[in-house]
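Down below is the structure, laid out as structure tokens.
The values are calculated or read from the model by the stated rules, or taken from the named source; none is laboratory data. Owing to the predicted nature of the structure, the values given are computational and were not obtained by experimental measurement. When we count neighbours, we look across all protein chains shown, and the Cβ atoms used for this are built from the backbone with ideal geometry, even at glycine. Just the protein is used for accessible areas: all its heavy atoms, side chains included, with ligands, DNA and RNA removed. Shrake-Rupley method; radii C 1.70, N 1.55, O 1.52, S 1.80 Å.
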Amino acid sequence: MLSSLEELAPSEARLVLVGDYVDRGDDSAEVLRRLFRMQADAGEEMMICLKGNHDQMLLDFLDDPQGTGPRWLRYGGLQTLASYGLQGVPQTAPETRWLETRDRLREAVSADIEHWLRALPTRWQTGNVMVCHAGADPMRPPEEQSDRSLLWGHPEFESTPRNDGTWVVHGHTITDHPRPESGRIPVDTGAYATGRLTAALVETGKVQFLST
């Protein structure tokens, strides 16, 4: 789907991805490998990969498997483990089991991709357009946003219009009919479940949605 979407966009357009590359469907391992290669080929100026909350949950599991693992496995981690040929861990399993699974996952992911994931930014901005994964605090400028708001959303993001002229392009919340509204440009059409991947082509004074 990503290749088809790229073909619809102008060749000079920057590609900014809004995160959640894992836990969504059965191909997390291949998605990470492919994006890692694509960005290396395109260059970080032309292809910007942002971090999503599910990407952060994978990293949290690598840092604290027993503490964060049960929650991650409930929200898609099982599918990510399976994509690497690994099984889940019962919530009551001893710490040694969690650590073993973490070590096997870390080896399967590879040090290069783990480092890449950890270094992903949580926002990208050009002019009055900011791109992030989940949303932003509508009362704070882009440079004062917390990573928590950008990764997990803010309670007032969808109810309070921004008044600083900034447009926030975001994913995280699935929408059937994406449209610009009150400083927000949603692009998440639930590709893992619907088979419909959507991008916003943002140009001066207009937004066009591209779907495949």
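A few remarks follow.
- Note on the chain: antiparallel DSSP beta bridges, both residues inside, total approximately 55 percent of the bridges counted.
- Point-to-point label distance, Arg148-Gln208, nm (Cα→Cβ direction, 7 Å offset): 4.1 nm
- Residue-by-residue Karplus 3J(HN,Hα) for region 198-211, coefficients 6.51, -1.76, 1.60, Hz, glycine and proline x: 10, 10, 10, 8, 9, 10, 4, x, 7, 10, 10, 9, 10, 10
- Longest to shortest principal axis, alpha-carbon extents of region 1-44, angstrom: 31, 20, 15
- For a paramagnetic label modelled on Glu7 (point 7 Å from Cα along Cα→Cβ), amide N atoms under 19 Å away belong, within region 168-212, to 195-201, 209-212.
- Stretchable slack from Ser159 to Met139, in nm (0.36 nm times residue separation minus alpha-carbon distance): 6.0 nm
- Annotation: the antiparallel percentage among DSSP beta bridges lying fully within region 91-187 is about 45.
- Rg in Å to one decimal, and Dmax rounded to a whole Å, for region 75-165 via C-alpha atoms: 18.2, 52
- Ordered from highest to lowest accessible area with the whole protein assembly present and a 1.4 Å probe, Glu156, Glu95, Glu107 read as Glu107, Glu95, Glu156.
- Descending semi-axes in Å of the chain, equivalent ellipsoid built from Cα gyration tensor: 30, 19, 15
- Model label sites at Arg14 and Glu107, defined 7 Å from Cα along the beta-carbon direction, differ in position by 4.0 nm.
- Extending 7 Å from Cα along the Cβ direction at Arg34 and again at Gln125 yields two label points whose distance is 3.2 nm.
- Placing +1 on the Cβ of every Lys and Arg and -1 on the Cβ of every Asp and Glu, with nothing else charged, gives the chain a dipole about its Cα centre of roughly 300 debye.
- For the chain, the solvent-accessible area with a 1.4 angstrom probe is 53 square angstrom per residue.
- Rg(Cα) / (2.2 N^0.38 Å) computed for region 3-73, rounded to two decimals: 1.29
- Amide H contacts under 5 Å for Val169: Met130, Val131, Cys132, Ile185, restricted to partners 5 or more places along the chain or on a different chain, H placed in the peptide plane at 1.01 Å from N.
- Mean sequence separation of contacting Cα pairs (under 8 Å, at least six apart), scaled by the length of the chain, corresponds to a relative contact order of 19 percent.
- Calculated on alpha-carbon atoms, Rg and Dmax of region 1-119 in Å: 15.3, 52
- Split the accessible area of the chain by element, probe 1.4 Å, and carbon with sulfur accounts for 46%.
- Taking region 53-100 and dividing mean pair separation by its residue count, relative contact order in percent (alpha carbons under 8 Å, at least six apart): 33 percent
- Annotation: peptides 125-137, 174-186, ranked by per-residue average of other Cβ atoms within 10 Å with the highest first, follow the order 125-137, 174-186.
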